[in-house]
Every structure is written in C-alpha cells, then in structure tokens.
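Peer 1: Could you have a look at this structure, given as structure tokens, before my questions?
Bear in mind that the values in this text are calculations on the coordinates, not laboratory data. Just so it is clear, the structure is predicted and the values come from calculations on it, not from any experiment. Reconstructed Cβ throughout: ideal geometry from the backbone, glycine too, with neighbour counts over all protein chains shown.
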Amino acid sequence: MCRSQHNGSPLCLQDVSSLNLAVPSGAAFFLQNRMVNRNMKNFLLASILAIGLLPAAVSAADAPPPCPPAFGVVDRSVGATAIYLGANPADHELCRMKRGNDVEEFYFGTWNKVWPGADAAHQALKQVYAGPPGTSVTFDVSAGPGLQWHDTIRNGGTEDLNVLGQTFHTMRVVHEREGFDGNSYHSIITSWKDVITGMSIYQNYQHISGHPEPGTSWDPVSITGGRNLSFTADPLNLRR
C-alpha cells in the first residue's frame, strides 16, 4: 500500500503479515494467544447474552414485588376479598392484608407470619422469587401430632394470563404439600402473581389425597389498584 509524501515521492508500506519483525517466538506466541483469548471471551459473552444463559438477570425482571406498591383489591369468586394494604414498614417482605374482618401479615402475600413453618416459608419464598424458573425449596412443617408435611415452594415460570378482559404478566408460585408420619394429605396450590403488583390474581387448587381439603380454586371477579402509586387514599378506610 502506497501514499504520497510531502515531497511527492511515494511511501509504500508492506503488509504487516509479510514483515519480519524479529519478535522472539515465545513473545509472539504470548501475543497471539492473548488476542485469541480476548476474542474468545467476547464471543462467549455475546453467546450467553444471545441465548439467554443469564437466568438471574432474567428472573429479576420477571419477579413480582413482595407487596403491591399501592393499595389494591382482588375480589375473588370464592372466599373473602383480598385487600392489600401495603408492606410492613419494618419488613418490606411482609404484606399487610385484610381478608374478612382481620388485618394480617403474609410473607410475599402468601404465608401468614403466625402459621407454623413461617420462618422456613419466608426463606423459601425469598429464594424462589430470586431464582430462575424451576427454583424450588423444600422444608418440613409441623402443626402437631398427625399434622406434619413436606412443603415445597417452586417458581413455576411466567405466563401471560388473560382475565377480566386484560392481560397480566404473571409468575406462577407453586406450593406442594405432602403429609408424612401417617398423614396422607397431598395437594398442589398454584397462585398466579401479577409481576407488576405482586397481587395473587388467580388460584388453582389440586387435591391429590387425604384430608382435610382446605384449599380453594378461585377466579378474580374484579382487580382494583395495586399499580397506581397515586391510589393510596384508602377510600374504604381499611388502613387500620
């Protein structure tokens, strides 16, 4: 390759690959491998990003908040209306909820803090919400003689759920309970959590065996609030 100098005479440059740079073979090998390693790292990073092998980043974007950022109400086809009153100021993973006459606190809007196994369930829910689809945690719960269970909470992945003429991007939280030590009870409850608000907007109960059968399947009759940060006036005067 040639170009003109100031005096008009051509200055020609050889192809670098044809030059004898007298680089010691060991140094040349080091430089060559350094470039190969750098290119390989760039290629691997691009591949990971392209095919989605970063589950932590993906799951974080799809994980619902523990509690709605605003006052919200889910009127259910079966059971008491679920009224979300915001998080406990001392623990943002404790959701204040009114179902029936009492205001109670539920970890991630799922497990009452006074129920047996609450501490283990709290830690399980934290891991399931933070992990990719398929993440599951198993722990044992005992509520007295004949009332022992192996409980498993699992991240069932995301799903666009169409209800009430709207599409909600949801994460399925699957709770399987199986008795042991003579307890034959076995069930699976799946809750669909709105990714934006964290509210449960649909639930399916699957009874497999044993007694009692406390679980309930329900459809939403109406879904109000939960998304609008300005909707905090509490028109029903329920923040007590």
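Peer 1: Sort Ser187, Ser77, Ser217 so the one with the fewest other Cβ atoms within 10 Å of its own Cβ comes first.
Peer 2: Fewest-to-most ranking of Ser187, Ser77, Ser217: Ser77, Ser217, Ser187.
Peer 1: Sorted from largest to smallest, which semi-axis lengths in Å does the alpha carbon gyration tensor of the stretch 77-134 give for its equivalent ellipsoid, taking the root of 5 times each eigenvalue?
Peer 2: Semi-axis lengths for the stretch 77-134 are 21, 13, 12 Å.
Peer 1: Once the Cα gyration tensor of the stretch 98-179 is diagonalised, what are the square roots of 5 times its eigenvalues, in whole Å and ordered largest first, as equivalent ellipsoid semi-axes?
Peer 2: Working from the Cα gyration tensor, I get semi-axes of 25, 18, 11 Å.
Peer 1: Also, I was wondering about something else. Quick one, can you get me the convex hull of the C-alpha atoms of the stretch 65-225 expressed as volume per residue in Å³?
Peer 2: Expressed per residue, the convex hull around the Cα atoms of the stretch 65-225 is 111 Å³.
Peer 1: Which aspartates and glutamates have a Cα less than 12 Å from the Cα of Lys193, not counting those fewer than 8 places away in the same chain?
Peer 2: Filter leaves Asp62, Glu159, Asp160.
Peer 1: Within a 10 angstrom radius of the beta carbon, how do Tyr205, Tyr129, Tyr185, Tyr84 rank from fewest other beta carbons to most?
Peer 2: Fewest-to-most ranking of Tyr205, Tyr129, Tyr185, Tyr84: Tyr205, Tyr185, Tyr129, Tyr84.
Peer 1: Also: Using a Förster radius of 45 Å, what is the FRET efficiency between Asp91 and Ser184 based on their Cβ-Cβ separation? Nearest 0.05, please.
Peer 2: 0.80
Peer 1: Taking 0.36 nm per residue of sequence separation and subtracting the Cα-Cα distance, how much length would be gained by fully extending the chain between Ala70 and Asp119, in nm to one decimal?
Peer 2: Value of the extension gain: 15.1 nm.
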